[in-house]
Amino acid sequence: MNETAAGLRETVDRAARYIRAHGEDFDLARFAALTGGAYSGPGAQDAAGALAPPEPQNPDGGWAAPWSHGASSLDATCFLLDLLSDLDDARTTADVSAALEFIEAAQLPDGTWREGPSDRTPEWLMPGAANARVYLTANCARTLLVRKVGAEAVVRAAQALEWSLDPHGRLPGPMVAHWLAARVLRETGRELTARRLLDVVGRVFEQLDPTDLAWFGSDTVPGDRWTKRIAQRLAVTQEPDGSWIDESGNRSVSLAITACRVLLRA
């Protein structure tokens, strides 16, 4: 094991101790599934039985966001499916197929997605806004890709995202949309366009917080230079207790597990 790999292993060991001390059953199951038999560090134990997802699922298959008055939100559904992606479907009571059908059915004819109406929709998800359109389109398409469903929907989304680029290779959306879209474009055969998007992310890489890094690193190619660079940055930003600080300024078990997902892919 080289020095870099050993350092990343120590980072996962610290995170494992934090996760074991603070995680709920769902968190521990996610971490155990990620580490599997290849990891013998502390915290790699499984919880028995099928586990409920962290939030209740709606009858239409989606999950609500804090702002959506109980209605299913595409963004919230993508987030929950990302957490669930670390587990075998048999390990959870969530109806993953219904959630994926909810996302796929919401795609618009032009290949994009938008949230449903709500008087509390945050500005960054506002229907009709270009930044919300490209972010949601990249996020929904990426979610379908991870689950290997909706191939035609993903291709339509990739076309819509490619058409949304400006001459400098930028999307009219947040930085997260760039790395999500890069994965969608790369996996639909648009490698050059994907590289242009990652070039944009590279210009602000040092400004990314741990939440950004964990999400970005979940969408790069395992073992490539981006994944290794992100993993090294996560190691630097880890707190002494093994946690990472999320976008709200709090220590987060969920973020620690997702960060380990990246570290183990490096």
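Derivation of every value follows stated rules applied to the coordinates shown; laboratory data play no part. This is a predicted model, so every value here is computed, not measured. Counting neighbours? That spans all protein chains shown, and the Cβs are built from the backbone with ideal geometry, glycine included.
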Within the chain, longest stretch clear of exposed trypsin sites (Lys or Arg not before Pro) (DSSP loop, no more than 11 other Cβ within 10 Å): 1-119
Simple label model, 7 Å out from Cα along Cβ direction - residue 131 to residue 13, nm: 4.3
Estimated FRET transfer efficiency (residue 50, residue 247; beta-carbon r; R0 30 Å; 0.05): 0.50
At most 16 other Cβ within 10 Å, DSSP loop - chymotrypsin sites (Phe, Trp or Tyr not before Pro), segment 177-221: none
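What FRET efficiency do you get for residue 168 and residue 22 if R0 is 35 Å and r is their Cβ-Cβ distance, rounded to the nearest 0.05? The partial results should precede the final answer.
Numbers: r = 43 Å, r/R0 = 1.22.
With a Förster radius of 35 Å, E is 0.25.
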Size of charge dipole - segment 97-225 - debye, nearest 20, with Cβ of Lys, Arg +1 and Asp, Glu -1, no other charges: 240
Sites residue 110 and residue 195, calculated FRET efficiency, Cβ-Cβ separation with R0 25 Å, nearest 0.05: 0.50
Tensor-based shape of segment 140-230 (alpha-carbon gyration tensor, a/c under 1.5 rounded, otherwise prolate or oblate): oblate
